[in-house]
Every structure is written in C-alpha cells, then in structure tokens.
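Encoded as structure tokens, the structure appears first; notes follow it.
The values are calculated or read from the model by the stated rules, or taken from the named source; none is laboratory data. The structure displayed is predicted, hence computed values, not measured ones. Heads up, the Cβs are rebuilt from the backbone with ideal geometry, glycines too, and the neighbour counts pull from every protein chain shown. Accessible surface areas use protein heavy atoms only, side chains included; no ligands, DNA or RNA. Shrake-Rupley method; radii C 1.70, N 1.55, O 1.52, S 1.80 Å.
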Amino acid sequence: MSITTVATATRRTAREAVTSYITLTMMFVAALVGTLLHRAGGKDSDRGPSTLEYVFLAVLVVGAAAAAGAIIVRKIMSRANAIPD
C-alpha cells in the first residue's frame, strides 16, 4: 500500500467524519431552537413566534453552522494535506 493511497483514505475518512459531525450538530441545533421557540410561545400564550422571528433564527443557525463547518473542514484538511505523499 503506497503512501498516496493511505493519504487519500485518510482524507476521505476525515471528510466523512466532518460531514457526519456537521449533520448531527445541525440536527441538535434545530431541535434546540424548536424547543426554545416552543417555550417562547408558552402554552397559554395567544401570541406565537412571528414569521420574522423564525426567519431570523433560521438565518442565525444556518450561518453559525456553516461557519463552524468551514472552520472544522479547513483544519482537518490542512492536517490531512500535511501528510507527506
């Protein structure tokens, strides 16, 4: 097995791990935001969250997830690329 094959396998494994981690993180954040929005409305409240609040929170969550994912991918890929060929 050549070093190139090992490096390629390492990169592929790192990419799969990052994708899985980002997916799980986004699912957790979506559940957390849903719970917080449900609490904000309250059981006895006549006023639920407005559409603007949903859009704002969605943009905030997607932006944070994209930024975190980009940082993680950059760090993992820089380490994977540091493996000598």
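For this structure, a couple of remarks:
- Among the listed options (1) 41, 11, 7; (2) 46, 31, 11; (3) 29, 13, 8, the one matching semi-axes √(5λ) of the Cα gyration tensor in Å as calculated from these coordinates is (1).
- When the residues MET77, MET26 are ordered by accessible surface, computed with a 1.4 Å probe over the protein chains alone, the sequence from largest down reads MET26, MET77.
- Debye, to nearest 20: dipole size of the chain, +1 on Lys, Arg Cβ, -1 on Asp, Glu Cβ: 280 debye
- Mean residue ellipticity, 222 nm, helices only, the chain: the sum of -39500 (n - 2.57) across DSSP H runs of n ≥ 4, divided by residue count and rounded to 500, is -30000 deg cm²/dmol.
- Probe 1.4 Å, protein heavy atoms only - accessible area per residue of the chain in square angstrom: 78 Å²
- Positive-end ranking of PHE56, THR10, ILE72 along the dipole of the chain, with charges on Cβ about the Cα centre, is headed by THR10.
- Cα-based helix-to-principal-axis angle, 3-41 vs the chain, degrees rounded to 10: 10 degrees
- What a 1.4 Å probe finds exposed on the chain is 68% carbon and sulfur by accessible area, rounded to a whole percent.
- 0 to 90° range, to nearest 10: angle between helix 51-81 axis and the chain longest Cα axis: 10 degrees
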